[in-house]
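Chemist: The following block contains the structure, expressed as structure tokens.
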Amino acid sequence: MLEADTPAPAEVSQQPEKISLKRKIKAFVMLTKPQVIELLLVTTAPTMMFAAGGMPSFWLIINTLIGGAMAAGASGAFNCYIDREADRLMKRTEKRPLVTGELTDREALIFAWVLAIVSIAYLTFLVNPLAGALGLAAILLYVVFYSLILKRRTTQNIVWGGIAGCMPVLIGWAAVENTISWAAIVLFMVIFLWTPPHYWPLSMKYAEDYQRAGIPMLGATSNAKSVSVQVVLYSWAMVICSLLLVPMGGAGWVYTVTALVAGLWFIFQCHKLHNLAVAEKATSRTAMTVFHGSITYLTILFIALAIDPFVGSAVMPPL
């Protein structure tokens, strides 16, 4: 028997760990998915330079990037809140703040709402109303259309949900031109077609995670051969679409040559994955080669887009 003055095991309470202010701030930053924000901003500034045919106002660039980063961060925070139970089942997301307990659900939700409201107001008043409206659309597309509606209902979730990731180029273009042109639509479509060959190889690596969480990512529901076929098809469509900026946007030789060379290199990587999948030799490592290659491709393409207005003239007059 236990002694009278010894508390029973059920009565022993553990004090919650006290989290320092520094860790708390870091947790809020991680809630916004900064790696995703960084990738989105890589597409925004170059789009603004191409739209302006040179260097836009310094403060216009800064305000657009800040507003866009906050909108993307708010979307990421909402997504972490919505997916908190699934994240607890996946190794890939086991260090997110709502999984580790560094933030409470309430803190995350309040933070997401505040950041969303501030981002829309920031873009509306410090950039222009069209940029603010597009920022709102980006948040709604990612949070409602993708996270709440599509993610658990279809293997094509990332295709249509990826529309939210295309919005930064529209926001950047609208910031400069206060309208949306066909050139902006081409850049939008490039990122739309880029998203599947970027994300599906990642889902191949973490297939067991997605299966455990009940999320029907294509890489978790189909075999490597089927996924690689889709990756190849989307990569070809993406590269062809990127070249449409020549007749429709007046792109110059820097962009044109880069889009062709970088595009063919990425297509080669996708075909290599497919060939390995057909031979049943595809591995997580080979899938991640395509994932990382997609990031390299997009970065190189948009660096070329930023340089293009400063070097030479258009290959052909825009339609």
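Chemist: Considering only protein heavy atoms and a 1.4 Å probe, what is the carbon-and-sulfur percentage of the accessible area of the chain?
Modeler: Values: 10410 of 15660 Å².
Within the chain, the accessible surface is 66 percent carbon and sulfur.
Chemist: Determine the shape class of the stretch 227-271: with a ≥ b ≥ c the square roots of the Cα gyration tensor eigenvalues, call it rounded for a/c under 1.5, and otherwise prolate if a/b is greater than b/c, oblate otherwise.
Modeler: Working: a/c = 5.58, a/b = 1.97, b/c = 2.84.
Oblate, since a/c reaches 1.5 and b/c is not below a/b.
Chemist: Can you give the longest stretch of the chain with no exposed loop site, where a site means GluC sites (Glu not before Pro) in a DSSP loop (not H, G, I, E or B) with at most 11 other C-beta atoms within 10 Å?
Modeler: Numbers: sites that count: Glu3, Glu17, Glu280.
The segment 18-279 is the longest one with no such site.
Chemist: Work out how far the C-alpha atoms of the stretch 117-168 reach from end to end along every principal axis, then list the three figures in whole Å, largest first.
Modeler: Computed over the Cα atoms, the extents are 39, 17, 10 Å.
Chemist: Can you give the accessible area per residue of the stretch 261-319, in Å², using a 1.4 Å probe?
Modeler: Values: 3220 Å² over 59 residues.
Counting only protein heavy atoms, the per-residue value for the stretch 261-319 is 54 Å².
Chemist: May I ask you to compute the full-extension gain from Val315 to Thr296, defined as 0.36 nm times their residue separation minus their alpha-carbon distance, rounded to one decimal in nm? Mind showing how you got there, number by number?
Modeler: Values: separation 19, 0.36 × 19 = 6.84 nm, distance 2.47 nm.
Using 0.36 nm per residue and subtracting the Cα-Cα distance, I get 4.4 nm.
Chemist: Roughly how many Å² of Ile295 are accessible to a 1.4 Å probe, to the nearest 10?
Modeler: The value for Ile295 is about 50 Å².
Chemist: What spacing in nm lies between the two simple spin-label points modelled at Arg285 and Met55, each 7 Å away from Cα in the Cβ direction?
Modeler: It is 4.5 nm.
Chemist: Mind checking the per residue accessible area of the stretch 161-236 for me, 1.4 Å probe, whole number of Å²?
Modeler: On the way: 2570 Å² over 76 residues.
Dividing the accessible area of the stretch 161-236 by its residue count gives 34 Å².
Chemist: Compute the semi-axes of the equivalent ellipsoid of the stretch 51-115, taking the square root of 5 times each eigenvalue of the Cα gyration tensor, and list them largest first in whole Å. All intermediate terms of the calculation are to be shown ahead of the outcome.
Modeler: Values: eigenvalues 213, 34, 14 Å².
Equivalent ellipsoid of the stretch 51-115: 33, 13, 8 Å, largest first.
Chemist: Let me ask something else. Straight-line reach from Lys272: which lysines fall under 18 Å, measuring Cα to Cα and dropping same-chain residues less than 8 apart?
Modeler: Within reach: Lys205, Lys225, Lys281.
Chemist: Let me ask another. Tell me which residues come under 5 Å, amide H to amide H, from Gly252 once H is placed; ignore anything under 5 positions away on its chain.
Modeler: Under 5 Å from the amide H of Gly252 lie the amide H atoms of Val315, each far enough along the sequence or on another chain.
Chemist: Residue by residue through the stretch 184-200, which ³J(HN,Hα) values in whole Hz follow from phi under the Karplus form 6.51 cos²θ - 1.76 cosθ + 1.60 (θ = phi - 60°), with glycine and proline marked x?
Modeler: Computed from phi, the couplings for the stretch 184-200 are 5, 5, 4, 5, 4, 5, 4, 6, 4, 6, 6, 4, x, x, 7, 8, 5 Hz.
Chemist: Quick one, which of (i) 25, 24, 20; (ii) 31, 26, 18; (iii) 39, 27, 15 is the actual semi-axes √(5λ) of the Cα gyration tensor in Å calculated for this model?
Modeler: (iii)
Chemist: Next up: Just from its helices, what would the mean residue ellipticity at 222 nm be for the chain, if runs of 4 or more DSSP H residues each count -39500 (n - 2.57) and the sum is divided by every residue, rounded to the nearest 500 deg cm²/dmol?
Modeler: Only helices count here, giving -23000 deg cm²/dmol.
Chemist: Can you give the relative contact order of the chain as a percent, counting alpha carbon pairs under 8 Å and 6+ residues apart?
Modeler: Numbers: 484 pairs, mean separation 58.6, N = 319.
With pairs under 8 Å counted, the relative contact order is 18 percent.
Chemist: Which of the listed residues, Met48, Tyr255, Phe145, is farthest toward the dipole's positive end in the chain, when Lys, Arg count +1 and Asp, Glu count -1 at the beta-carbon?
Modeler: Farthest towards the positive end: Tyr255.
Chemist: Please compute the modelled spin-label separation between Leu140 and Val114, points set 7 Å along Cα→Cβ, answer in nm with one decimal.
Modeler: Using points 7 Å along Cα→Cβ, the separation is 2.5 nm.
Chemist: How do Val186, Val315 stack up against each other in accessible area, from largest to smallest, with a 1.4 angstrom probe? Can you show the working numbers first?
Modeler: On the way: Val186 10, Val315 50 Å².
Ranked list, largest accessible area first: Val315, Val186.
The values are calculated or read from the model by the stated rules, or taken from the named source; none is laboratory data. Every value quoted in this text rests on a predicted model; they were computed, and no experiment measured them. Cβ sites come from the backbone with ideal geometry, for glycine too, and all protein chains shown count toward neighbours. Heavy atoms of the whole protein, side chains included, go into the accessibility calculation; ligands, DNA and RNA do not. Shrake-Rupley method; radii C 1.70, N 1.55, O 1.52, S 1.80 Å.
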